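The structure appears below as structure tokens.
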Amino acid sequence: MTAAFDLGTVQDIEVIDAGLMNRNWRVTTDRGMFAVKQVRDIDAVAARRQHAATRVLAERGRPVPAPLTVPGGDTLLEYDGDVYAVTAWAQGTHREGLELSLIEVESLGALLAELHVDLAQIMPAAPETMCEPVTEPATTKDKIDRYMSAASARSDRDAMDEFVLDRLRLRTQVLAQVGHLRPDDEVEVGPCGWVHGDFQHLNVLFDGDKVSAVLDWDRLKPRPLAAEVVRSATLLFGFGDAQGLDLARVGAFVSGYRSRRELSDEALADAVHRLWWERVCGTWQLRRRYEHADTSCDHLFRSAEGLLSWWTGHRPQVSAAFTGRR
């Protein structure tokens, strides 16, 4: 790796544990610090497309680490069946969304809009609208039943299993009550464009009150823009429990976004409703626990359940925070 990317003489290597999909290291050499990634979440074609975008974004002055290259100009090293990429180490610290002032929140929303505008200019044309997949209630009920059976059958059932059983019983009731609110999957949703895909605090670094880096562009793809705005706000400004969302910060984030790019109330309201439904049907953390014996996302299930309970009881207020309608 150091030879291929001409990084210099290694002085220290640190494994970076954060992140669920790829493997990452901080490598210190006599030439500086570098972020080394084993790319596992996307294929080489998608990684090169991502690197082409981030290189141009960096050239435009956006806080995005540019990929380094090997001789010949490729941004990937394919070695022993694995794929690796390197950038300079991005300086800064992660800050929870709830730590940010309203002014900082507005600036963060504006930055996301600016990135969307740039991506529209440098990437291939995205469709103006698209149909979004929507989970059927019956599909969710089947998963709920499967994971309830798995939790009940464990010989070493623990507190997490008991929590899962309790929440899934409640989810069954909620699903029966709100099944008629399933969004239409035959309606074209838009406007669409290229999006970061996971714009949240673990992928944003700050230097003081300014964003110093936007990281992890592996989910770069065309999607409804409002979907990214809404998802990002819920990840950034959630309390992580039954307190739900900080709606003042949600409103400031959306206001900042709309100061740089137009996005209609209708698009935002639709995205809010679709994400709520996705939460109603979401069980991916339990797939990891019960199908792959991976407990690393158990805490995410707990926080997601807290948010879902609160959101289901505050749907009008959440929609109003995103659209500005009262």
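What follows is calculated from the coordinates using simple rules that are stated; it is not laboratory data. It should be emphasised that the depicted structure is a prediction, and the values quoted were computed from it without experimental measurement. Here the Cβ positions follow ideal geometry from the backbone for every residue, glycine too, while neighbour counts run over all protein chains shown.
Straightening the chain between Ala46 and Ile122 buys 25.8 nm, computed as 0.36 nm per residue apart minus the Cα-Cα spacing.
When each of Met130, Met160 is scored by the number of other beta-carbon atoms lying within 10 Å, the sequence from fewest to most is Met130, Met160. Taken about its Cα centre, segment 10-88 carries a charge dipole of about 420 debye when Lys and Arg each add +1 at the Cβ and Asp and Glu each add -1 at the Cβ.
Taking the Kirkwood radius as Rh and the Cα radius of gyration as Rg, segment 1-143 has a ratio of Rg/Rh equal to 1.03.
Taking Rh as the Kirkwood radius computed over C-alpha pairs, what is the Stokes-Einstein D of segment 10-88 at 25 °C in a medium of viscosity 0.890 mPa s, expressed in µm² per second? Reported coefficient: 185 µm²/s.
Nothing charged except the Cβ atoms of Lys and Arg (+1) and of Asp and Glu (-1): what's the magnitude of the dipole of segment 1-154 about its Cα centre? Round to the nearest 20 debye.
About 200 debye.
Positive end of the dipole of the chain (Cβ unit charges, origin at the Cα centre): among Gln11, Leu247, Ser303, the Cα lying farthest that way belongs to Leu247. Values (i) 22.6, 74; (ii) 21.0, 62; (iii) 23.1, 89 are given for comparison; Rg and Dmax of the Cα atoms in Å, derived from the coordinates here, is the one labelled (ii).
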